[in-house]
1. For peptide A:58-70, compute the average count of partner chain beta-carbon atoms within 10 Å of each residue's beta-carbon.
2. Once you charge only the Cβ atoms, +1 for Lys and Arg and -1 for Asp and Glu, what is the size of the charge dipole of the protein assembly as shown about its Cα centre, to the nearest 20 debye?
3. Along the positive direction of the dipole of the protein assembly as shown (beta-carbon charges: Lys, Arg +1; Asp, Glu -1; about the Cα centre), which of B:G118, A:G38, A:T128 reaches farthest?
4. Within 10 Å of each Cβ in peptide B:104-111, how many partner chain Cβ atoms are there on average? Round it to a whole number, please.
5. Which residue, chosen from A:I70, A:S51, B:L28, occupies the Cα position most advanced towards the positive end of the dipole of the protein assembly as shown, where the dipole is computed from +1 (Lys, Arg) and -1 (Asp, Glu) charges on Cβ about the Cα centre?
6. Stokes-Einstein at 25 °C, 0.890 mPa s, Kirkwood radius from Cα pairs: D for chain A in µm² s⁻¹?
7. Springs between alpha-carbon pairs under 10 angstrom, Gaussian network model over chain A: which of A:G117, A:G27, A:G43 fluctuates most?
8. Size of the dipole of chain B about the Cα centre, Lys and Arg at +1 and Asp and Glu at -1 on the beta carbon, nothing else charged, in debye to 20?
Number of protein chains: 2
Amino acid sequence: MKPITIGRLSKAADVKVTTIRYYESIGLMGAPDRSESGQRLYGEAAVQRLSFIRHARDLGFPMEAIRDLIELQTEPDQNCSAVDSIARQQLADVRKRLNQLEALEAELKRMIASCEGGIVGNCRVMATLNDHGECLSDSHERLQPM
Amino acid sequence: MKPITIGRLSKAADVKVTTIRYYESIGLMGAPDRSESGQRLYGEAAVQRLSFIRHARDLGFPMEAIRDLIELQTEPDQNCSAVDSIARQQLADVRKRLNQLEALEAELKRMIASCEGGIVGNCRVMATLNDHGECLSDSHERLQPM
DNA sequence: CTACAGTCTACAGTGGCTGTAGAGGCAAGC
DNA sequence: GCTTGCCTCTACAGCCACTGTAGACTGTAG
């Protein structure tokens, strides 16, 4: 049961050292014990927690959701419907973004297909960008960052 | 041919006033003439340019690409293959993100489907987040912001 | 004249980290 | 013991593409 340094934790969970310290600073990871010289020393639980965070991030969960999930983890006797609902929300978000991206893809394809070479002044791609009507602003939301 | 204030330009191109000033600050929009009292006064060309930028942003083009496209617009006699290639690059990026999101969607669906209710301590969703193997880190890239 | 909307500048804040500087810590080889 | 070379520490700036805020000035409709 020997303690783990931040570098080892970083490798174990595949999260950068700086990111671990960042997570600590925003309270996502608790402050660990320190060695005499002030170095962070973690236990197995930290590896678990950090891996959990990383997996959730990989699945695109927003920080807030992850915070909630961690909160829920500390009360394992509760009904898991809250967990389910967070996951469903995330799925809904992903689907929404998928739809936006699909619309984008179609539009880009159309645009590119319409180009027949030639000079910039006559380029259909340029024309589309210039004259593009409201066909995308129907769904009036900008693509969200992930 | 009367000049347009920033507010009207904002409405005309559906871009926020602050964003217009931001675009000016990063050189995406040229500095316009000013009234005696210092207010920005735009012409029709600015509406065109700003709409162009907005449409390109809507299609997810990165700022750098938009900069290049604007550059190309100033030389309408050139071959438009450069334009085409920027658009194709963008399409490729969109497709890549689509693939990532689809993988995410599948994973989330699987995770949610495996949950049969009950308590957090036994929740399959939580378990998946905890034990999740390398099935997503195969594609070893974090989802990109847009 | 009085509201009130529009505009101005300058700067801080957002999220989720990443990068940098400069200093100190630790284990392995000589 | 001593050096080498990586690891860790703190604190702070920077990234992108904006958004928000504060406080002052301008323009216009009633």
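A short reminder: the numbers here are calculations on the coordinates, not readings from a lab. All values derive from a computational prediction rather than experimental measurement. Cβ coordinates were reconstructed from backbone atoms using ideal geometry, including for glycine residues, and neighbour counts include every protein chain displayed.
1. 3
2. So the magnitude is around 480 debye.
3. About the Cα centre, the residue reaching furthest to the positive side is A:G38.
4. That works out to 6 on average.
5. Looking along the dipole axis, the top candidate is B:L28.
6. 128
7. Checking each option, the largest mean-square fluctuation is seen for A:G117.
8. Dipole about the Cα centre, nearest 20: 640 debye.
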